[in-house]
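Trainee: Take this structure first; my questions come after.
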Amino acid sequence: MKFLTIGTVKDVFRTLPQAEQKRLWKENAQWALDFKKKMGDKFNLYAEVGWGRLVSISEYNSVEEYSQSLESPPMAQAGFVNYESYPLIEMDEETLVAWMESLRAAK
């Protein structure tokens, strides 16, 4: 199962002292590096420049495994992250053709 996840830092995070923010960002970055090493090609992290959001496309064996991964980063554990999650499907040529045919049939 693949998921597109968009993580946004809550505004309340910016009310923390600078030293605390920096510590949490460093811990979060280390968690992301370690998680990437563990997951390999099943986890890809992107930054939306200027939007202050992180985006990941990741693959898991179950929804439970995915849910646990969302709770793991230090900033999420501290309650400073909101997530948007979207399940993804692979669209190879055969799947795309079948989808297009179903749209035609629905007219």
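Trainee: Could we say that Lys22 is surrounded by 12 or more Cβ atoms within 10 Å (Cβ to Cβ), modelled with pLDDT of 90 or more, of a type outside the set (A, V, I, L, M) and in a helix (DSSP H, G or I) here?
Mentor: no
Trainee: For region 53-107, enumerate the residues that are touching a residue at least 12 places away in the same chain (Cβ under 8 Å) and surrounded by fewer than 10 Cβ atoms within 10 Å (Cβ to Cβ).
Mentor: Asn61, Ser62, Ile89, Glu90
Trainee: Oh, and also: What about Asn44, is it part of a strand (DSSP E or B) and without any contact (Cβ under 8 Å) to a residue 40 or more places away in the chain?
Mentor: yes
Trainee: With the structure loaded, tell me whether Lys36 is of a type outside the set (S, T, N, Q), touching a strand residue (DSSP E or B) at 6+ places or on another chain (Cβ under 9 Å), surrounded by 13 or more Cβ atoms within 10 Å (Cβ to Cβ) and free of Cβ contacts under 8 Å to residues at least 12 places away in the same chain or whether it fails that test.
Mentor: Yes: the conditions hold for Lys36.
Trainee: Of the conditions (1) surrounded by fewer than 11 Cβ atoms within 10 Å (Cβ to Cβ); (2) among the β-branched types (Val, Ile, Thr); (3) touching a residue at least 24 places away in the same chain (Cβ under 8 Å), Val49 fails just one. Which one is it?
Mentor: (3)
Trainee: A follow-up question, please. In region 1-19, what residues are in contact with a helix residue (DSSP H, G or I) (Cβ under 8 Å, 6 or more places away or on another chain) and surrounded by fewer than 13 Cβ atoms within 10 Å (Cβ to Cβ)?
Mentor: Scanning region 1-19 gives a single hit, Arg14.
Trainee: Can you tell me which residue in region 65-104 is modelled with the lowest pLDDT, limited to those that are of a type in the set (S, T, N, Q) and either outside any helix (DSSP H, G or I) or in contact with a helix residue (DSSP H, G or I) (Cβ under 6 Å, 6 or more places away or on another chain) (or both)?
Mentor: Top of the filtered list is Ser72.
Trainee: For region 11-30, how many residues meet the condition of being under 15 Å from Val55 (Cα atoms) and touching a residue at least 40 places away in the same chain (Cβ under 8 Å)?
Mentor: Going through region 11-30 one residue at a time, the tally reaches 1.
The values are calculated or read from the model by the stated rules, or taken from the named source; none is laboratory data. Treat the numbers as computed from the prediction; the structure is a model and nothing was measured. Counting neighbours? That spans all protein chains shown, and the Cβs are built from the backbone with ideal geometry, glycine included.
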